[in-house]
Structure formats: structure tokens, C-alpha cells
2 protein chains.
Amino acid sequence: MSDLNTILASIITSIRPSDTERHRLKTLAWRLIERINSIGKAEGLNANGILVGSSARGTWITGEHDLDIFIMFPPDVERQYLEEKGLYIARKIALEGDSLEERYAEHPYIHAVIDGFEVDLVPAFSVENAASIKSAVDRTPFHNKYVESRIRGLEDEVLLLKQFQKGIGVYGSELKTHGFSGYLVELLVIYYGSFEKVLKAACDWKFGISIDIEKHGIINHKDPLIMIDPTDPARNVAAALSLDNMCIFMDRACDFLKVPDGSYFHPGVGQPLGDKDLEYLISTRGTSLIAVEFEAPDEVEDVLFPQLYKLEDSCHEMLERNDFRVYNSGVWAKERAIVLYELESAKLPNVKKHTGPNVGTKEHASAFKSKYEHANKLSNVYICNGKYMVEIPRKYPCARKLVESEILKCGLGKHIGVSMKKKFNVMENLEILSVRDEGFRIFLRRFFDK
Amino acid sequence: MSDLNTILASIITSIRPSDTERHRLKTLAWRLIERINSIGKAEGLNANGILVGSSARGTWITGEHDLDIFIMFPPDVERQYLEEKGLYIARKIALEGDSLEERYAEHPYIHAVIDGFEVDLVPAFSVENAASIKSAVDRTPFHNKYVESRIRGLEDEVLLLKQFQKGIGVYGSELKTHGFSGYLVELLVIYYGSFEKVLKAACDWKFGISIDIEKHGIINHKDPLIMIDPTDPARNVAAALSLDNMCIFMDRACDFLKVPDGSYFHPGVGQPLGDKDLEYLISTRGTSLIAVEFEAPDEVEDVLFPQLYKLEDSCHEMLERNDFRVYNSGVWAKERAIVLYELESAKLPNVKKHTGPNVGTKEHASAFKSKYEHANKLSNVYICNGKYMVEIPRKYPCARKLVESEILKCGLGKHIGVSMKKKFNVMENLEILSVRDEGFRIFLRRFFDK
């Protein structure tokens, strides 16, 4: 057991950017902004560059060479104009770097690698205030302004909280993670005053707790954690945070304060699960595994993962609707995508109880009884708890057959739907060992260990 | 398809007592009443005999040689006096017959066989009105008086309705059956006017329907069918009727009126289930059978069956609480008593998900986490839907072991408890074939066929 301050001092030393790193980043940022402004001027475009995000606020963790540079246009230009001219400027700058890629959020932007930095060049509208944005990215400059003016002297606290959340796996508001965004971390530090105070407060959080720094909230949000955006009274900054990530943070915060330890700041890298391990797990647990595997569509994680989660949920519902009890499920993706279920049993009895209408509902009762008079059935129609019942052969006594036959009728996102309609495989128990990817094996380990 | 009236005419001929039978019954009844009155007079006891029940009202089905004779005492005598003197008179009379047995309802009475008739000699208080009874049997004379004065000319309708209900298995208010009592049948005929009209009405019954012939009901009953007792405004005559027996009656009433057929009046006697039949059923259905077998306590059905049903329910709950899904259950008793369950599966995985407290409940959370830190477990403690969870070895992955180990902790009635604590057997699947009793095999057939 080590002293809290000693641990924090050691962590902060390892994650705070050096003066050299700061200097390199600032120099590059100003050079790129200069280029935007001069291209704008030369081409007669009313556009200017600004630096936003953690690099602008001095709250980036060393080695994270990300630069977010916005190309701001007046709010009265057309969206098409902004996209066209914005991308023109961005591409022109990016071509002077090492590589370039067009990406899509609500509208397109350029991701480039320049001097070893990952640079996002994002066209945006320079609106009056955050409540009148025309596109989601437009609010970023307001966040930037709000945080910049309040974060001085608290940068280390932000770094510690970010690293702590990375260590326990709840950092990042991407749709794969549903964790804490960088902006949320900054607001928590501004509100509570320090890393340690945020953790202390989190120990006492109740589900649905609401923080409203500017005391201007106007909407009753239903999320587990509510942080009213200081720049937009109608918005919850923590809307993307899942209940379980909030809980993990609360849980680890308490534990860390009780027994501080540097390991909280380092994400554990699980060992890949070996073939023998899976054999052992299946025989000890006595459950059945069913996996659906297909080619992962070539999309960014923010597009791919919501579709994978949707598939996971709708196939889960289908399994339960067919009386298969799901103990655990999870998704994994690289070149291949896999949705994995652990079932109480992959086999069910051939007989299934089928419930009909209430006795006394004349037409429904007659229809039910005459339907099952000559149908293939395993009992007569009988009455139980005021309803007609009959025992019939189960359509899918075997989970594999159910998934193989019906999964394409589940709710499938656009890109996953296209991929699965081309081809998908259903694997059962040890067949899953045919997937040898180390990342998948690490996922498997966590699937069982938790 | 036969004509309704032809069918009813043929049925009524077969169930209406002949004049000879009526004469024999009346003669015996008056002889016994005379004896009660003369013994009373001779011994200076203020007691007199009356004939009650279906034999008094002319609504008994031919061959049912039952006589209910009450020995009435003034309401101001002590209960002990009534029991002592009442049994004295009853025993004296019964000793002149063929056999005698002391039985117990709310208080003791004598069951005797006299001249081939089954005679109940029941001491009762001759109270002012049915609302001021001192014992449940005291209301019978009021029922008798109410029905006698209204049933003239409707006796055949009562006989038809009773026989119809016997045929479909819903006649009898005993605690084994939870069906329609004779008094309820008579009131239905009085209210609706005929057998056919009762059936027509039943087709339109809704759950909770209330009939109040005297329009004097004072209590909101929660039963499926409510027939306010014309002699007691607080009582529901149909309180013992189960929802499913009410439903079976409604269902068969509709069907019979659509396609009248004599078979409704004849209870079907199922064929006993053979060994090969059970083998076939188990393999087709794919379910598992678990039976608990023990010596049936030597008690009347009204004592035994409520205890069997209680055992059936509490063991059912125990199975479900341990994640075994019960598809069907039933009880059977003769010299041996058997409670039978059909399970989705008698085996479950070794792993079981165990849910802990909500995250944020400090002491509970700590207690849960420290309890499972060193316990034998199959996963780490993790968080799911805001709660702590852990996967642990299941205590009873096998239903047979569960029942063998825990059934004595289930809710057991007094007499069944004594018997089971002496000895009970748990049987699985084909082991049940060791019970060769034909009645049990008929029960088994209905268990599956419904």
C-alpha cells in the first residue's frame, strides 16, 4: 500500500507532455492555422483556422499526437459550400503532409498525418452560441473556450483522471465504449476541483445525479449521470455514458481511495485464451457457446460498433423469445466480426407449451381450438389459468439451427446486413477455436473472467 | 349430430331415480328421523332429526344412495353438549345398521351404512338464520329450505346439469376437485330457469361474474364466479370453484350447444399408460420427469389433497427458484402418494449467475465483494446493469439431488410431513414405471394427453 500523493506524482510524471513535446505541437498547430488563413485569404474564402480539443487546452496525455483543427466558416453560408470549400482547404494542407484520408461524421472532414501528428481538419460553422449550432461539431469551439478559461492550473488533475479512466477502461465517448469524454473529464475537474475530489464525489454518486455548473439546465434528462453542458442548457454532456461504465468508475474510485495503487492507471492486457483453456472452461461451466462470424464491414468503429451492438441485442432477444437463456454475450471485431453468446443450453425439449386466448373470448377461442384440432401436437388443447393451452413440437429445439435460419430476420444495421447476406458462419462450442486471432482470444479471456 | 332434446331426454331417463328408489329412500329417511326424535324424547334431549341435501330436494342422481340427516339442537346449548349428545344419538341409530365410522369435518359426525344407503348423521345447531351459524354445517338446513321451496318442477334440470358437470369433471366442491357444489348447481338452475339456459349463460360469463338472486350481497368477492348465498348475504356459494373448472364448464357448455352429444355426460375413463408409451413420450417430448413418492397418510381426501397441492406448489416454487423450469405437474394418491413434475431439463450448467447489491450501496457492496474475493467462483466480481454480479458454482445442477436434499424444507402439511419424514423416494424418468397401479397409469395418461 503506497501513499496516494507518491503514486499520483509518479503517474503524472509519466503522462505529462514535456516542454519539447508541447513546443512541437504548438508550432505545428500554428503553422497549420496560418496555412488555413492564408489559403482562405488567397482564394477569397471567409475561413479561418482554430485549434480545439485537448491539444488546445493543454490536457493531452504525452505521446497522444492528436491535433484537432477546425476550419471555421460564417454561419450564413450553405452547408454544401462549407463542405466543398472546407474540404478543399483541408485537402490542400493535408497533401503537404505524409498521408490523407477523407472521413465522415455528421459531415465529411480530412484526417491526415503531418510531421508524425494525427491531424483532423474539420470544417465547421462559426455560430453565435452553442444552442444555435448547425452541425454537432460546431459546439466544439464553445467547449474549447469554456474550458480554456477555467482549466489553468488544473491540467495535471485532468491528465490523472483521464489516465485513471483509461486504466479501468471507461475513457472515451465513442460508440464502441460509451465511456467518459475528454470534455466531461474536464468539467468534472472544474466542478469538483481536483482528481481526488472527483473520485471522492463519485463514491457517493447516485444513479441520475445531475451536475449543472452554470445552473441553467432546462430539460429533465433520464441518463445515469447528467452534466448539463455549460455552453448549452439543453444538453447532457454525459448522455453517451453507459450506466455500467459510470458504475465501474464509482466502484474503482472507492476502491482506489481505500487502497491507492498505481495499477489502476494501467489497463490490464489479458492473456489470450488457449485451446485447452476453452475446453476446460466449457466443461467446468457446463454451458453452450454459439458464435456468429462474418466479414467486418470496412467502416470506422463509430459506425461498425452500434451495428454490432444492435445485432447482439436483437439476436439475444430472438434466442430468449425461443426459450434459450442467454448467460453472457459480447462482440468483437477486426477483419472479421464475431457476436458470441453463452447459453444455459443450446438444446431444448421438443415439446413447447403454446398459450392461446382466454376462455370466453368466443371467436379467438374457436379459431385457436380449430387450428389445433388437426395440427401436429403433443397434447390436446387444455385450459390453464383461464387460458387455452396446447403442447406442440418446438420449431427450433436447437439454438444453432435457430440462429442459422433466422438471424437475417434480426435487426441488422445497414453495413452488417450487406456483409451477413453475403456470408456468415455459426459456430458452436470448440468450433470457435478455429478463430486464432490473438485479439479475439484476449476478448474470449475477458468474456469468461469478466 | 343429434337433436338436443332427444339427447337430454335419453340422459334424463338414465339418471332420474325411479319411483321405487324414491320410495325406498323416503321410507328409510322417515324411519331414521323418527328414531332420532324418539331417542331424543326418551332421553330428555331437546333434539330432532331433519333430512337435508339432494335426497331431501329430489335432486339426487339414481344409484347415489346418500342420505344426509341432521340432528338439530337448540342454538343455546354448548358445543361440547351437542357433540356428545349428538354423537350418542347418531351412534345408537347407526349401530342398528350395517357399519359405522366416526368422521370429522368442523365437528365430528357419524357415517353409517344402513339398508344399503350411505347415511351421514350430523349434529347441528338450529340457529335463527344462516348468518348466525355456529358451525359450517348449520347453514345446510337453510339451503335446504331455500331450494326446496323453489326447485319443484326443475329437478330434472338439476339432474342434467349435475350429470353434465360430472361428465366433464367439474362437479363436486371437495378440496380435491374445487368444482361446482350441488347447492350451486341448484341455484344456477333456479336463477337461469333450465339446464340449457344455464349453459347458454355460461358461454357469456366473464371472470368475476356475480349472481345475486336475492339482491342482498354485502361483500366484494374476488372469486372467478360469485353466487351470493340467498340465505347469507356475506357468503359466495362458488368460493371453492377454481378458475379452471369454471373455464372448463364455460368451454364445454359452448361446444355442447354448438354440437350436442351424449358423450359430454359420461366421464371418459382413460386407458392406463403402458411402459412403452412412457418410453415413447419421454423420447418424443425431450423433457425430464421427477416424481416424489411416499406413503399416503390415512386421511380423508378433504384433508389429504390440500396437503398434496400445497406440497406440489411449494416444491414447484423450489424447483423454479433453483432455475429448473416446470412444464407440468400433478398429484395422485391411493395407498401411495405421488407428486410428479415434468421439467424442461433435470440438468443445469454448473455455472450460475449470482446478483449482488447495486453499485453505490457502500456497506453492501463491500460485503459482497469481500465475500466473493476468496470464495470458489467462476468469474471475477463484475458490474452489469448497475449491480454487482459474480458467477459461482451452482449448488444443485441436478434436479433430483435438489429434491432429495431440500424437499423436507418445503411447505409440508401436517400428515404429509410425518409420512415423508419417515421415508420418501425420488424417481426420475423411466424409474416411474416401477409404480404399476392402474389408477396411477391412468393419471399418467391424462398428465400427458391433458
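The values are calculated or read from the model by the stated rules, or taken from the named source; none is laboratory data. Keep in mind the model is a prediction, meaning the values are calculated, not measured. Cβ atoms come from the backbone with ideal geometry, glycine included; neighbour counts cover every protein chain shown.
Quick notes on this structure:
- Residue in the range B:355-363 that is surrounded by 14 or more Cβ atoms within 10 Å (Cβ to Cβ) and at pLDDT below 95 present: yes
- Taken over the range B:254-283, the residue count meeting the criterion of being under 28 Å from the mean Cα position of the chain (by Cα), without any contact (Cβ under 8 Å) to a residue 60 or more places away in the chain and over 24 Å from B:L433 (Cβ atoms) is 2.
- Sub-8 Å Cβ pairs linking a first residue in the range A:99-122 that is over 21 Å from A:Q80 (Cα atoms) to a second residue that is part of a strand (DSSP E or B) and polar (S, T, N, Q), at least 6 apart or interchain, are A:A112/A:S99; A:V113/A:S99, ordered by first then second residue.
- When A:G330, A:G356 are checked against the criterion of being touching a strand residue (DSSP E or B) at 6+ places or on another chain (Cβ under 9 Å), not in a helix (DSSP H, G or I) and not assigned by TED's automatic domain parsing to the domain that holds A:C410, a single residue qualifies: A:G356.
- Candidate set from the range B:396-430 (those that are within 14 Å of another protein chain (Cβ to nearest Cβ) and touching a strand residue (DSSP E or B) at 6+ places or on another chain (Cβ under 8 Å)); member that is nearest to B:L311 (Cα to Cα): B:A399
- Check on B:E363, assigned to a helix (DSSP H, G or I), of a type in the set (D, E) and touching a residue at least 24 places away in the same chain (Cβ under 8 Å): no
- Flag if A:I209 is within 14 Å of chain B (Cβ to nearest Cβ), without any contact (Cβ under 8 Å) to a residue 40 or more places away in the chain and either surrounded by 15 or more Cβ atoms within 10 Å (Cβ to Cβ) or within 16 Å of B:V359 (Cβ to Cβ) (or both): yes
- Each residue in the range B:169-221 was checked for being assigned to a loop (DSSP other than H, G, I, E, B) and aromatic (F, W, Y), and 2 of them qualify.
- Looking only at the range B:186-230, and only at residues there that are among the polar types (S, T, N, Q) and farther than 24 Å from B:I61 by Cβ, the one that is nearest to the chain's Cα centre (by Cα): B:S210
- Those residues of the range A:371-383 which are at the interface with chain B (Cβ under 7 Å from one of its Cβ atoms) and either under 21 Å from B:T284 (Cβ atoms) or without any contact (Cβ under 8 Å) to a residue 12 or more places away in the chain (or both), in sequence order: A:L378, A:S379, A:N380, A:Y382
- Criterion (buried (at least 20 other Cβ atoms within 10 Å of the Cβ) and either of a type in the set (V, I, T) or more than 14 Å from every other protein chain (Cβ to nearest Cβ) (or both)) met by exactly one of B:I226, B:I248: B:I226
- From B:E295, B:E335, B:E342, B:E299, residue being assigned by TED's automatic domain parsing to the domain that holds B:N425 and out of contact with any helix residue (DSSP H, G or I) (no Cβ under 9 Å at 6 or more places or on another chain): B:E335
- Flag for A:D68 being out of contact with any Pro (no Cβ under 8 Å at 6 or more places or on another chain) and part of a strand (DSSP E or B): yes
- The requirement of being out of contact with any Phe, Trp or Tyr (no Cβ under 9 Å at 6 or more places or on another chain), among the β-branched types (V, I, T) and modelled with pLDDT under 95 is fulfilled somewhere in the range A:213-224, by at least one residue.
Residues checked against (1) surrounded by fewer than 18 Cβ atoms within 10 Å (Cβ to Cβ); (2) β-branched (V, I, T); (3) in contact (Cβ under 8 Å) with a residue 40 or more places away in the chain:
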{"residue": "A:T6", "(1), (2), (3)": "yes, yes, no"}
{"residue": "A:I12", "(1), (2), (3)": "yes, yes, yes"}
{"residue": "A:D19", "(1), (2), (3)": "yes, no, no"}
{"residue": "A:L25", "(1), (2), (3)": "no, no, yes"}
{"residue": "A:L28", "(1), (2), (3)": "no, no, yes"}
{"residue": "A:R31", "(1), (2), (3)": "yes, no, no"}
{"residue": "A:A42", "(1), (2), (3)": "yes, no, no"}
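- Selected residue (only one of A:I12, A:I69 is at pLDDT 95 or above and within 17 Å of A:P123 (Cβ to Cβ)): A:I69
- Among the residues making up the range B:102-136, a single one is acidic (D, E), in a loop (DSSP other than H, G, I, E, B) and within 25 Å of the chain's Cα centre (by Cα): B:E106.
- Residue list for the range B:222-265, filter: of a type in the set (A, V, I, L, M, F, W, C) and in a helix (DSSP H, G or I): B:L243, B:M246, B:C247, B:I248, B:F249, B:M250, B:A253, B:C254, B:F256, B:L257, B:F265
- Look at the range B:334-357: where a residue is more than 9 Å from chain A (Cβ to nearest Cβ) and a partner is basic (K, R) and part of a strand (DSSP E or B), sitting 6+ places away or on another chain with Cβ atoms under 8 Å, you get B:T355/B:K387; B:G356/B:K387; B:P357/B:K387.
- Scanning the range A:328-364 for residues that are among the acidic types (D, E) and either over 40 Å from the mean Cα position of the chain (by Cα) or more than 26 Å from A:S419 (Cα to Cα) (or both) returns A:E344, A:E363.
Residue-by-condition table, conditions (1) part of a helix (DSSP H, G or I); (2) hydrophobic (A, V, I, L, M, F, W, C); (3) over 30 Å from B:V185 (Cβ atoms); (4) within 14 Å of chain A (Cβ to nearest Cβ):
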position: B:V269; (1), (2), (3), (4): no, yes, no, no
position: B:Y280; (1), (2), (3), (4): yes, no, yes, yes
position: B:T284; (1), (2), (3), (4): yes, no, yes, yes
position: B:A291; (1), (2), (3), (4): no, yes, yes, no
position: B:E299; (1), (2), (3), (4): no, no, no, no
position: B:Y309; (1), (2), (3), (4): yes, no, no, no
position: B:D313; (1), (2), (3), (4): yes, no, no, yes
position: B:F324; (1), (2), (3), (4): no, yes, yes, yes
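- Looking only at the range B:295-334, and only at residues there that are crowded, with 20+ Cβ neighbours inside 10 Å and aromatic (F, W, Y), the one that is farthest from B:E431 (Cα to Cα): B:F305
- For the range B:380-399, the count of residues that are of a type in the set (S, T, Y), part of a loop (DSSP other than H, G, I, E, B) and touching an Asp or Glu at 6+ places or on another chain (Cβ under 6 Å) is zero.
- Filtered by the rule that a residue be acidic (D, E), within 17 Å of A:L160 (Cβ to Cβ) and within 14 Å of chain B (Cβ to nearest Cβ), the range A:251-267 gives a lone residue, A:D255.
- Every test in (1) surrounded by fewer than 16 Cβ atoms within 10 Å (Cβ to Cβ); (2) in contact with a helix residue (DSSP H, G or I) (Cβ under 8 Å, 6 or more places away or on another chain) is passed by A:I416 save one, and that test is (1).
- Restricting B:K395, B:K414 to residues that are at pLDDT below 95, over 26 Å from A:S242 (Cβ atoms) and not hydroxyl-bearing (S, T, Y) narrows the list to B:K414.
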